Amino acid sequence: MKLIVAGATGLVGSEIIRQCLQMSEITQIIALARKPVLIEDGTDPTSELTSVVIRDYGEYSDDTRAEFAGADACIWTVAVTPFRTGSFDFAEVKRVCQDCTLAGFKAMYEAGPTRPFRFLYFSADGTPRDPSKKPAIMGDYQVMRCETELMVLHLPAEYPGVEVCIAQPGVVVNSTSVSRAVVASLFRVVNTFTRSIPNIHRAELSAAVLDLAVKGFDKETVTNTELVCRGQAALKYTAESKN
Ligand SMILES: NC(=O)c1ccc[n+]([C@@H]2O[C@H](COP(=O)([O-])OP(=O)(O)OC[C@H]3O[C@@H](n4cnc5c(N)ncnc54)[C@H](OP(=O)(O)O)[C@@H]3O)[C@@H](O)[C@H]2O)c1
């Protein structure tokens, strides 16, 4: 299958790229990012990976659109995450999170994907589904992410042949540095006693969304708990297949 990974240099996007290079089901990867995608061990991208560099996730040249043609699925990870919102005015945060999602989707759809075309959109745990229910913390941001989810859920009605899925992970933990590994371990300990802070390891999350993109969506919204289960099962299957 041909998979587009949008936001391929991000925290989650880079792990998705690392994993999909090892999946036999994925034969073509379009890594869409604002800078060239290099594989983590520093080797050049293999022939199945095409690094497509764009200046802005809201603008797609004819060359970029041509790379999208015939795609089976897209995993869209692009967003300004809550911790980074302080660096931008809200209009820009909304543009990146919402307008660019629609612009990217339209460019892929207009390029002529296969049918069904699976579009998996990254949201976050705790995002309200009702825009009139504004949360007390980061209310405007949360409502904007809610409205983006609703926009994505509406796409199949307007664009025939499209299937959508919303992933709602909790805090993404990872072990790419010592400090991050410590935080990841802390979450593991806390999680042994309570699920009060929903979280997921970057590898589990990436495995889960790749599994959904390859096998198809069985529901429109996938919760953090479901992503953890699916991701762990997919990673276990991969490890067993290698032995
Ligand atoms: N990290 C978490 O703990 C967490 C938890 C729950 C949900 N999520 C969701 O999961 C998705 C991926 O998160 P992540 O942690 O991988 O995020 P990330 O690394 O901060 O960013 C994801 C992508 O968005 C792009 N991006 C960020 N700010 C941008 C801006 N101002 N203009 C244009 N592009 C921008 C980044 O491009 P560059 O690589 O070029 O910077 C990157 O490719 C997001 O939707 C996020 O809300 C994350």
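The values are calculated or read from the model by the stated rules, or taken from the named source; none is laboratory data. None of the values given here were measured: they were computed from a predicted structure. All Cβ positions, glycine included, derive from the backbone under ideal geometry; neighbour counts span all protein chains shown.
Could you tell me whether R180 is within 13 Å of the ligand (Cβ to nearest atom), modelled with pLDDT of 80 or more and in a helix (DSSP H, G or I)? No, not satisfied.
Kindly indicate whether A157 is at pLDDT 95 or above and surrounded by fewer than 13 Cβ atoms within 10 Å (Cβ to Cβ). Spelling it out, A157 is indeed at pLDDT 95 or above and surrounded by fewer than 13 Cβ atoms within 10 Å (Cβ to Cβ). Examine segment 30-41 for a residue that is closer than 21 Å to R202 by Cα, within 9 Å of the ligand (Cβ to nearest atom) and in a helix (DSSP H, G or I), and state whether such a residue exists. No, there is no match, as no residue in segment 30-41 is closer than 21 Å to R202 by Cα, within 9 Å of the ligand (Cβ to nearest atom) and in a helix (DSSP H, G or I). If I ask for residues that are more than 8 Å from the ligand (Cβ to nearest atom), under 16 Å from V52 (Cα atoms) and touching a residue at least 60 places away in the same chain (Cβ under 8 Å), which ones from segment 5-17 would you list? Within segment 5-17, V5, I16 qualify.
Residues that are surrounded by 19 or more Cβ atoms within 10 Å (Cβ to Cβ) and either within 11 Å of the ligand (Cβ to nearest atom) or over 17 Å from the mean Cα position of the chain (by Cα) (or both) within segment 69-79 comprise I75, W76, T77, V78, A79, listed in sequence order.
Among the residues of segment 98-118, write down those that are of a type in the set (V, I, T) and either within 14 Å of the ligand (Cβ to nearest atom) or surrounded by 15 or more Cβ atoms within 10 Å (Cβ to Cβ) (or both). Once the filter is applied, which keeps residues that are of a type in the set (V, I, T) and either within 14 Å of the ligand (Cβ to nearest atom) or surrounded by 15 or more Cβ atoms within 10 Å (Cβ to Cβ) (or both), segment 98-118 yields only T101. Scanning segment 47-90 for residues that are free of Cβ contacts under 8 Å to residues at least 12 places away in the same chain and charged (D, E, K, R), we see that the one that is farthest from K35 (Cα to Cα) is D89. Here segment 81-97 is the region considered, the condition is being β-branched (V, I, T) and near the ligand (Cβ under 9 Å from one of its atoms), and the residue that is nearest to D125 (Cα to Cα) is T81. Taking the listed residues K2, K35, the one that is surrounded by fewer than 16 Cβ atoms within 10 Å (Cβ to Cβ) and in contact (Cβ under 8 Å) with a residue 24 or more places away in the chain is K35, with no other qualifying. The set of residues in segment 213-229 being in contact (Cβ under 8 Å) with a residue 24 or more places away in the chain and not hydroxyl-bearing (S, T, Y) consists of A213, V214, G216, F217, K219, E220, V222, N224, L227, V228.
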